[in-house]
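Engineer: Shown below is the structure under consideration.
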């Protein structure tokens, strides 16, 4: 016969109370589970740091380019191709116009507040030709691109931002699916310059030569 002492009963009761409170034997398993969670979070953090480093997140930003440096001087030089002026008449919004270059450099275009000309800046979608042609009429420059890698697009946008903050605010950057014979097309009123790649030097030279050009009917307009 098993004799249960008062002390044994107290120990059993204490054990039952510990289990009801979450104590006792389950504690080691809970600590192990918490340990795995901590290790998983640490591994995710390390992976994030490695990925960010690979993308250059911890690298010092590239210094801005001096767009007025002599290396970009275009005095006495022709930058791009001169395109015949097709005029500047306005047509109703929605009407399609045929132009003499791809992308266009002059011609009929839409004119409606909030539509054409478009607000200056970097666009992620292609604008109608009839809109951007009005931007050219105001003396700005449109940078069209196609078939660029994501890193090349980022590079192009960085160049555009540098130009906009360096005295050339009238800029449109847009993807242009119809561009098939180059990766970059720079347009000003009656001027076109196509490039096979993102070439910072040539882009800045085009801006130096054709930003707010005398040919633009409404040069000086914001």
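The values are calculated or read from the model by the stated rules, or taken from the named source; none is laboratory data. The model shown is predicted, which means the values in this text are computed figures rather than measured ones. As a convention, Cβ positions derive from the backbone with ideal geometry for all residues, glycine included, and neighbour counts pool all protein chains shown.
Engineer: Answer yes if at least one residue in the range 62-79 is modelled with pLDDT of 95 or more, within 19 Å of residue 221 (Cβ to Cβ) and assigned to a loop (DSSP other than H, G, I, E, B), and no otherwise.
Structural biologist: no
Engineer: Report yes if some residue within the range 158-176 is out of contact with any helix residue (DSSP H, G or I) (no Cβ under 9 Å at 6 or more places or on another chain), surrounded by fewer than 19 Cβ atoms within 10 Å (Cβ to Cβ) and over 21 Å from residue 69 (Cβ atoms); otherwise report no.
Structural biologist: no
Engineer: Being crowded, with 20+ Cβ neighbours inside 10 Å, assigned to a helix (DSSP H, G or I) and more than 15 Å from the chain's Cα centre (by Cα) narrows it down to one of 136, 186, so name that one.
Structural biologist: Values: 186 fails: assigned to a helix (DSSP H, G or I).
Exactly one of 136, 186 is crowded, with 20+ Cβ neighbours inside 10 Å, assigned to a helix (DSSP H, G or I) and more than 15 Å from the chain's Cα centre (by Cα), namely 136.
Engineer: Also: Among the residues of the range 201-221, what is the count of those that are farther than 21 Å from residue 150 by Cβ and in a helix (DSSP H, G or I)?
Structural biologist: 9
Engineer: Can you tell me which residue among 173, 142, 198 is touching a strand residue (DSSP E or B) at 6+ places or on another chain (Cβ under 9 Å) and either part of a loop (DSSP other than H, G, I, E, B) or free of Cβ contacts under 8 Å to residues at least 40 places away in the same chain (or both)?
Structural biologist: So the residue among 173, 142, 198 that is touching a strand residue (DSSP E or B) at 6+ places or on another chain (Cβ under 9 Å) and either part of a loop (DSSP other than H, G, I, E, B) or free of Cβ contacts under 8 Å to residues at least 40 places away in the same chain (or both) is 198.
Engineer: For the range 107-133, give me the residue count where each residue is at positive phi and either modelled with pLDDT under 95 or buried (at least 18 other Cβ atoms within 10 Å of the Cβ) (or both).
Structural biologist: The initial filter retains those residues of the range 107-133 that are at positive phi, namely 107, 114, 121.
Among the residues that remain, those that are also either modelled with pLDDT under 95 or buried (at least 18 other Cβ atoms within 10 Å of the Cβ) (or both) are: 107, 114.
Summing the residues that are at positive phi and either modelled with pLDDT under 95 or buried (at least 18 other Cβ atoms within 10 Å of the Cβ) (or both) in the range 107-133 gives 2.
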